[in-house]
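The values are calculated or read from the model by the stated rules, or taken from the named source; none is laboratory data. All of these numbers come straight from a predicted model, not from anything done at the bench. Glycine also receives a Cβ, built like all others from the backbone with ideal geometry; neighbour counts cover every protein chain displayed. Surface areas here come from the heavy atoms of the whole protein model, side chains and all, with no ligands, DNA or RNA. Shrake-Rupley method; radii C 1.70, N 1.55, O 1.52, S 1.80 Å.
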Amino acid sequence: MQVVLPYLIAGWSGFFVMAVELLGGRLMAPTFGSSIYVWGAIITVFMLALSLGYLAGGRYSMRQPSVRRLGVLLLVAAATVLPVLLFGERMLDAVSIAMPDPRFGSLLAATILFFVPTFFSGMISPYAVRLLVRDQASSGRHAGQLYFVSTFGSAAGTLLTSFYLVLLLEVNHILLSLLAVSGVIGVTAAFSGRPAGAAQ
């Protein structure tokens, strides 16, 4: 489990991020439309948040890395999507009134809604790499395998969300389902991993 869970969490995190990104476009469309400005704002926020998350995750992994902490990161990433469900519509309305320009309004709205959960999601892959690497000789292989799993998860999340999930379920129901899966995986990791500081 100590090897399987980092791969599972990284793959699911990739799925989660892309699903939320696509659903973000659906959430923002009634208020800001679905123009190239809106999608440009969403993609920019997600890319910037992921890049900063990668940086933070790599640094955080240097302090007593454990599968438990990786599970907690997944739980935090999921929990920070809850405000989107609870306050998303009201926040979008408030931003559109305060900043009616669809370019900067959508950029601000995407930042408020999605920057934090995407940042924590970005921390997961570099942290998982740190857990898998045992020696320099195998570091490249493990990193390649993990980023393959993560990117494959992203592709699966993109395809399944855009082709199937949005046709079968409401956006809020999809988000709740994503949170539920993240919760199950995160709790499993949090209770099955060795305590931080234990021998890896």
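If you take the residues of the stretch 163-193 that are among the hydroxyl-bearing types (S, T, Y) and open to solvent by 50 Å² or more (accessible area, probe 1.4 Å), which of them is nearest to the chain's Cα centre (by Cα)?
Start the filter on the stretch 163-193 by keeping residues that are among the hydroxyl-bearing types (S, T, Y), which leaves 164, 177, 182, 188, 192.
The next check asks that each one be open to solvent by 50 Å² or more (accessible area, probe 1.4 Å); those that pass are 164, 177, 188.
Details: Y164: 20, S177: 14, T188: 18 Å.
Selected residue: S177.
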Test A94 against the stated conditions and say whether it is hydrophobic (A, V, I, L, M, F, W, C), open to solvent by less than 50 Å² (accessible area, probe 1.4 Å) and either modelled with pLDDT of 95 or more or at negative phi (or both). no
Report yes if A56 is of a type in the set (A, V, I, L, M, F, W, C), touching a residue at least 40 places away in the same chain (Cβ under 8 Å), buried (at least 23 other Cβ atoms within 10 Å of the Cβ) and in a helix (DSSP H, G or I), otherwise no. no
Just to verify a result, which residue in the stretch 6-48, among those that are of a type in the set (G, A, S) and under 13 Å from the mean Cα position of the chain (by Cα), is nearest to P126 (Cα to Cα)? A10
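One line per residue, one yes/no per condition, for (1) in contact with a Phe, Trp or Tyr (Cβ under 8 Å, 6 or more places away or on another chain); (2) hydroxyl-bearing (S, T, Y); (3) assigned to a helix (DSSP H, G or I):
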{"position": "G144", "(1), (2), (3)": "no, no, yes"}
{"position": "S150", "(1), (2), (3)": "no, yes, yes"}
{"position": "G157", "(1), (2), (3)": "yes, no, yes"}
{"position": "L167", "(1), (2), (3)": "no, no, yes"}
{"position": "N172", "(1), (2), (3)": "no, no, yes"}
{"position": "I185", "(1), (2), (3)": "yes, no, yes"}
Search the stretch 117-142 for residues being outside any helix (DSSP H, G or I) and not acidic (D, E), and hand back the single one that is nearest to the chain's Cα centre (by Cα). M123
Output yes when any residue across the stretch 62-84 is open to solvent by less than 10 Å² (accessible area, probe 1.4 Å) and over 30 Å from I9 (Cβ atoms), and no when none is. no
Residue that is farthest from F115 (Cα to Cα) [pool: residues in the stretch 32-42 that are out of contact with any Gly (no Cβ under 8 Å at 6 or more places or on another chain) and surrounded by 15 or more Cβ atoms within 10 Å (Cβ to Cβ)]: Y37
